[in-house]
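Asker: Okay, here's the structure, questions in a sec.
The values are calculated or read from the model by the stated rules, or taken from the named source; none is laboratory data. For clarity, every value in this text was computed on a predicted model and none was experimentally measured. Please note: Cβ atoms are built from the backbone with ideal geometry, for glycine as well, and neighbour counts cover all protein chains shown.
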Amino acid sequence: MSLVIVGSVAFDTIRTPWGKRDRIVGGSGTYFSLAASFFTRPKMVAVVGEDFPPEVIDLFKSRGIDTAGLEIRPGRTFHWEGHYGYDPNQRETISTELNVFRDFRPVLPNSYRDANIVFLANIDPDLQDSVLAQVRRPELVAMDTMNLWIASKPESTWRVLKAVDILFANDEEIRMLTQETNLIKAGRKILAAGPRLVVTKKGEHGALLFGKKFVFGVLGHPCEDVVDPTGAGDSFAGGFLGYLDKVRKFTRPEIRRAAVYGSVLASFAIEDFGIERFKSLRPDEVESRFRLFRRLVSF
Ligand code: AMP
């Protein structure tokens, strides 16, 4: 199997009640790929500026991430600034500078075009669309999005949504997309448009998966040390789809396990600022937290 991912590779400026960091490495594509790299070798599609540190690209490679689709362009790397309060589920976007992403027209390397799974991480929906159009016959396509794109490019967002199997979104995004306040009605509207599964991310509380005849809830790991919630959603998706790419089965039991791995990877991402925790994370730590989840929910 193989997994192609398009998303942002970024500098983030982050303020949380536990500290502030300027221009640290982040991005939806970065978190997703690092989380997925615990199960498979994700093929990344993104663009960075010449200001992006080469040692981070080396880190990607050392984790088995394929960077053939990561372009380095003259100009500045995408930059996002966000602030969090004491509730990690609430964040405020202070600024978004697209920089080199503004004129990015990705051309997929040939080795990417036969991907079985495609993840369209949070990025301009027109870019998501152009990546999807270049993959020949994917078996599973998933997407994420955010309020900025739903508000600024609603038609493009819906066009992509209709072409995917799985939508990852939080409550606010689902309500914004469908203009429905009730989440059950909102979810039904999304399922009627095309996706087979909606993964509603509930931040520290976990996620709720629902399809036409399928519902599964996964807890968030009860972390004592939440330092920086950035990237939790992308890490969830990375653990989820990375695991599915490894097991090559999209059955319900595997989808449940994938959701638990998603929650496990998200729980590690938030233990330190930016991608720091992923630098030291070991596969046996991932497995032992997976086992802990089993105990948490068995009764
Ligand atoms: P998450 O916390 O999982 O929702 O994702 C956070 C990441 O999304 C940050 O590292 C940002 O760099 C990235 N991000 C924020 N806004 C955007 C956007 N408009 N397009 C693409 N990536 C973004």
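Asker: Given (1) farther than 21 Å from Gln134 by Cα; (2) aliphatic (A, V, I, L, M); (3) in contact with a strand residue (DSSP E or B) (Cβ under 8 Å, 6 or more places away or on another chain), where does Ile184 come up short, assuming only one miss?
Answerer: Failed condition: (3).
Asker: Just one of Asp114, Asp129 is in a helix (DSSP H, G or I), touching a Lys or Arg at 6+ places or on another chain (Cβ under 8 Å), under 24 Å from Leu197 (Cα atoms) and away from the ligand (no atom under 12 Å from the Cβ); which is it? Walk me through it before giving the result.
Answerer: On the way: Asp114 fails: in a helix (DSSP H, G or I).
Criteria check complete, one pass: Asp129.
Asker: Next up: In the list Thr93, Thr77, which residue meets the criterion of being β-branched (Val, Ile, Thr), within 16 Å of the ligand (Cβ to nearest atom) and more than 30 Å from Glu224 (Cα to Cα)?
Answerer: Details: Thr93 fails: more than 30 Å from Glu224 (Cα to Cα).
None of the other options fit; the residue is Thr77.
Asker: Sticking with this one: Of the numbered conditions (1) charged (D, E, K, R); (2) surrounded by 16 or more Cβ atoms within 10 Å (Cβ to Cβ); (3) within 13 Å of Glu71 (Cβ to Cβ), Asp124 satisfies every one except a single condition; which is it?
Answerer: For Asp124, the failing item is (3).
Asker: Exactly one condition in (1) closer than 18 Å to Ile275 by Cα; (2) touching a residue at least 24 places away in the same chain (Cβ under 8 Å); (3) not in a loop (DSSP other than H, G, I, E, B) is false for Ile57; which is it?
Answerer: Tallying (1) closer than 18 Å to Ile275 by Cα; (2) touching a residue at least 24 places away in the same chain (Cβ under 8 Å); (3) not in a loop (DSSP other than H, G, I, E, B), Ile57 fails exactly one: (2).
Asker: If you don't mind, another one. Could you tell me which numbered condition Pro222 fails, if it satisfies all but one of (1) farther than 18 Å from Gly7 by Cβ; (2) out of contact with any Leu (no Cβ under 7 Å at 6 or more places or on another chain); (3) modelled with pLDDT of 95 or more?
Answerer: All conditions are met except number (3).
Asker: A follow-up question, please. For Gly233, indicate whether it is out of contact with any His (no Cβ under 8 Å at 6 or more places or on another chain), within 16 Å of the ligand (Cβ to nearest atom) and either farther than 22 Å from Gly26 by Cα or touching a residue at least 40 places away in the same chain (Cβ under 8 Å) (or both).
Answerer: Values: out of contact with any His (no Cβ under 8 Å at 6 or more places or on another chain): yes; within 16 Å of the ligand (Cβ to nearest atom): yes; either farther than 22 Å from Gly26 by Cα or touching a residue at least 40 places away in the same chain (Cβ under 8 Å) (or both): yes.
Criteria met by Gly233.
Asker: Same structure again: Which of the residues belonging to segment 155-196 are of a type in the set (S, T, N, Q) and in contact (Cβ under 8 Å) with a residue 60 or more places away in the chain?
Answerer: First pass over segment 155-196, keeping only residues of a type in the set (S, T, N, Q): 156-157, 170, 178-179, 181-182.
Scanning segment 155-196 gives a single hit, Asn170.
Asker: Among the residues of segment 1-53, how many are surrounded by 24 or more Cβ atoms within 10 Å (Cβ to Cβ), among the aromatic types (Phe, Trp, Tyr) and within 15 Å of the ligand (Cβ to nearest atom)?
Answerer: 3
Asker: Yes or no: segment 177-189 includes at least one residue that is more than 19 Å from the chain's Cα centre (by Cα), surrounded by 17 or more Cβ atoms within 10 Å (Cβ to Cβ), closer than 17 Å to Lys202 by Cα and of a type outside the set (Ser, Thr, Tyr). I'd like the intermediate steps shown before the answer.
Answerer: Keep residues of segment 177-189 that are more than 19 Å from the chain's Cα centre (by Cα), which gives 178-189.
In the following step, the residues that additionally are surrounded by 17 or more Cβ atoms within 10 Å (Cβ to Cβ) were identified as 178, 186-187.
From what's left, closer than 17 Å to Lys202 by Cα: 186-187.
Next, only the ones that are of a type outside the set (Ser, Thr, Tyr) stay: 186-187.
Yes; the residues of segment 177-189 include at least one that is more than 19 Å from the chain's Cα centre (by Cα), surrounded by 17 or more Cβ atoms within 10 Å (Cβ to Cβ), closer than 17 Å to Lys202 by Cα and of a type outside the set (Ser, Thr, Tyr).
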